[in-house]
Amino acid sequence: MELWFTEQHTKNVRFSMKVDRQLYSAQSEFQRIDIFDSLEFGRVLTLDGYVMLTEKDEFIYHEMIVHVPMCAHPDARKILVIGGGDGGTVRELVRYAAVERIDLVEIDEQVVAACKEYLPQTAGKLNDPRVHAFYEDGLKFIRHQENEYDLILVDSTDPFGPGEGLFTREFYGNCFRALKADGIMVNQHESPFYKEDAYAMQRAHKRIVESFPLARVYQAHIPTYPSGHWLFGFASKQYHPVHNVDFSRWEKLGLRTQYYNTKLHAAAFALPTYVEEMLRDVE
Amino acid sequence: MKDYSQNQAPLLEALEKMKMRRIVPFDVPGHKRGRGNPELTEFLGEKCLSVDVNSMKMLDNLCHPVSVIRDAEKLAADAFGVPQAFFMTGGTTSAVQAMVLTACKRGEKIILPRNVHRSVINAMILCGAVPVYVNPEMDKRLGISLGMRVSAVAQAIKENPDAKAIFVNNPTYYGICSNVRAIAELAHEHGMLLLADEAHGTHFYFHDQLPEAAMRAGADMAALSMHKSGGSLTQSSLLLLGPRVSEGYVRQIINLTQSTSSSYLLLVSLDISRRNLALHGKETFDKVIGLVEYARNEINAIGDYYAYSRELVNGDSIFDFDVTKLSIFTRSIGLAGIEVYDLLRDEYDIQAELGDIANLLAYVSVGDRPKDMERLVAALSEIRRNYSKDRSGMLEAEYINPQVICGPQQAFYAPKVSLPLAATVGRVCSEFVMCYPPGIPILAPGEQITTEILEYIRYAKEKGCSMTGPEDMEIERLNVMEGTL
């Protein structure tokens, strides 16, 4: 038997992986949720047919969305995660003893329930006592917060479907307001490579630049995402992502990571020329 | 007529049958089911082009309906609870025009509020009817004109017992309703017809928590934009008739100006939308009311903004309020409605329905989702945080009582001269000036120009309202009637 999962990376490009068996499939109020075991990438979570994570490469995404801002911010204690129902981002955050509270705002409770059952690798720390889950629209939640958080991590799906509202100027503006005076927002920033992703990436950057005094972009290499070349946005009220960062402070914490390290942290902000140009076009 | 139920859609069924028969078209349109225009077909879709067809026996003819169009119109009449309904493909403008042309001939009077849509006064230019304006009350704070007070209508009737008809908005663009039932009774007591512009009121016929539908309140004719709350394609509308008006005469009037090749895309969209309203209208508008109520509460919680609702009702000039309208007073954040409208579009990728000098209107329908409402609320909250200004120096709109010197037709066709705006004070305007939307004239042909009016035009232009009407598209000059008064 040959069972293959295929994601359409563009109208003309497909990405397929051989599936061993499907474990879960449901249509929630917001999206279709599927979980299956693949031969190459281990367990896989897809939403509306798009790969959100695989056991084999999720560490890259989750380490990069968490440790970069946690290293750049000297004292992040109160953190908001928007999206991230798979728990991977929370898993990395709870490794920091100094973190006092994590608010997780996920629109789709069913994603969390499915991940808790089938993806303990990422969802295993969602029951940490510091984690408070809210199942509601991120845009609605953030509107009622002011000067609350040190860090906001926008761990969203793509800018179409349920994650749409998280790529808008009103959302970024509300995040700015919800952050403390030295707060940082990091967001899943799409890819610069294929045309449609690149357009979404540019728009997101434009909207963030309009909302924050400092907006930079950093990259990571994520094999199962379209083109494999993925970006994160780093928007900050005060701290630069690299200059004056006390890297030794982070190193002293002694956290073991597989992808992230402090040298890579600084290097991730060095972008290919064509990406720099795309960003400059909208700044 | 065959025995139909509201579950059916005769025109849709006839088009489906026509497609199955694979008829070889040696008639217009020349694109021949799209094959002759591949680029258009690629853009609109083969399904769409394949039913862009001409009248033929199996599809009936809108100018003289005897089969499926007649049946579809009958089903629409039943769904709206009236004796007769006409499918209109020239927009609600054509339905409004048909009402005025049916009711009035040259020189005959029609009693109406000044805040009518331009199509009403346009119809008077065509037929030569003469307006008798009733002052619609003005809410000074919100800067919007309201409905007609019943006593003001009675006074106008007393002064003009020879008028042929009374015209009401049900509701206004902003959701304000007059006491249509009382006004209809007055009209009928004096042998006048009651005509209703229900461009913004299609949904009234399908939900009991909304203002009373005009035809139920006794109107003789009503023009409905099915393409607004009814969900049909842009430019498709309905004209409803009561028992006092001759169906045959109205059809003759409609055929004076209606295309003889009406679009079947528009017609079938009316048929499908009627079915949907008849079967699911109540739950559809339950949902819309819920979305709007949610947004209204959230917007009012932001602070300064005022999203108004039924609390405005005063039993007369605001007899009722359409709660599906999300009208928001913005002057309280120091911005004109049109400024918020522009910011929403340019900075937040949100297109609102209209902004005037003090209000914003967001049009909410069955197509909206809760997450879209969140975006609107969040964007309004951000606009207040980032752009609010000092409120001083903002113009308060006041009702400018029009000085009607002659009828619109006489003024429009009279010998005229073009003058720079500032030189027009005291002259009689021979054209329209309006912000569009809402399309309510600031000046209509036959009205005297005053400094007050010019000040309003200047302010609206400065705030970025899209001004239309005059021959001079820049609105630096106006056409006025030759000679001074």
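The values are calculated or read from the model by the stated rules, or taken from the named source; none is laboratory data. Source: prediction; values computed, not measured. Counting neighbours? That spans all protein chains shown, and the Cβs are built from the backbone with ideal geometry, glycine included. These area figures cover heavy atoms from the full protein model, side chains too; ligands, DNA and RNA do not enter into them. Shrake-Rupley method; radii C 1.70, N 1.55, O 1.52, S 1.80 Å.
A few remarks follow.
- For region B:214-239, filtering for residues that are of a type in the set (A, V, I, L, M), assigned to a loop (DSSP other than H, G, I, E, B) and open to solvent by less than 10 Å² (accessible area, probe 1.4 Å) leaves 4.
- Of the residues examined, A:PRO241 is not one that is within 23 Å of A:ASP57 (Cα to Cα), part of a loop (DSSP other than H, G, I, E, B) and open to solvent by less than 30 Å² (accessible area, probe 1.4 Å).
- With respect to being touching a Gly at 6+ places or on another chain (Cβ under 6 Å) and open to solvent by 10 Å² or more (accessible area, probe 1.4 Å), B:VAL130 fits the description.
- Matching residues, region A:139-149, being open to solvent by 10 Å² or more (accessible area, probe 1.4 Å) and within 12 Å of another protein chain (Cβ to nearest Cβ): A:LYS140, A:PHE141, A:ARG143, A:HIS144, A:GLN145, A:GLU146
- From the options A:VAL111, A:VAL99, residue that is β-branched (Val, Ile, Thr) and in a helix (DSSP H, G or I): A:VAL111
- For A:ILE152, the criteria (1) more than 27 Å from A:ILE35 (Cα to Cα); (2) within 12 Å of chain B (Cβ to nearest Cβ) hold in every case but one, which is (2).
- Evaluation of A:LEU179 against the conditions (1) within 14 Å of another protein chain (Cβ to nearest Cβ); (2) more than 19 Å from A:MET70 (Cβ to Cβ) shows that the sole unmet condition is (2).
- Of the candidates B:THR284, B:THR324, the single residue that is away from every other protein chain (no Cβ under 14 Å), crowded, with 22+ Cβ neighbours inside 10 Å, among the polar types (S, T, N, Q) and more than 16 Å from B:ARG375 (Cα to Cα) is B:THR324.
- A single member of A:TYR194, A:TYR199 is within 14 Å of chain B (Cβ to nearest Cβ), of a type in the set (Ser, Thr, Tyr), out of contact with any Gly (no Cβ under 7 Å at 6 or more places or on another chain) and open to solvent by 10 Å² or more (accessible area, probe 1.4 Å), and it is A:TYR199.
- Taken together, B:TYR363, B:TYR387 contain a single residue that is of a type in the set (Phe, Trp, Tyr), within 14 Å of chain A (Cβ to nearest Cβ), open to solvent by 30 Å² or more (accessible area, probe 1.4 Å) and in contact (Cβ under 8 Å) with a residue 40 or more places away in the chain, which is B:TYR387.
- Yes/no for A:PHE247 being open to solvent by less than 60 Å² (accessible area, probe 1.4 Å), touching a Ser or Thr at 6+ places or on another chain (Cβ under 6 Å), assigned by TED's automatic domain parsing to the domain that holds A:HIS73 and within 12 Å of A:PRO69 (Cα to Cα): yes
- Restricting region A:152-174 to residues that are over 13 Å from the mean Cα position of the chain (by Cα) and touching a residue at least 60 places away in the same chain (Cβ under 8 Å), the residue that is surrounded by the fewest Cβ atoms within 10 Å (Cβ to Cβ) is A:GLY161.
- Single unsatisfied condition, A:ILE60 versus (1) open to solvent by 20 Å² or more (accessible area, probe 1.4 Å); (2) at pLDDT 95 or above: (1)
- Consider region B:341-360 and keep the residues that are open to solvent by 10 Å² or more (accessible area, probe 1.4 Å) and either in a strand (DSSP E or B) or in contact (Cβ under 8 Å) with a residue 60 or more places away in the chain (or both). The one that is farthest from B:PRO171 (Cα to Cα) is B:ASP342.
- Subset tally (residues that are assigned to a helix (DSSP H, G or I), of a type outside the set (Gly, Ala, Ser) and in contact with a Leu (Cβ under 6 Å, 6 or more places away or on another chain)) for region B:307-340: 1
- Applying the set (1) of a type outside the set (Asp, Glu); (2) open to solvent by 30 Å² or more (accessible area, probe 1.4 Å); (3) touching a residue at least 40 places away in the same chain (Cβ under 8 Å); (4) out of contact with any Cys (no Cβ under 7 Å at 6 or more places or on another chain) to B:LYS164 leaves exactly one unmet item: (4).
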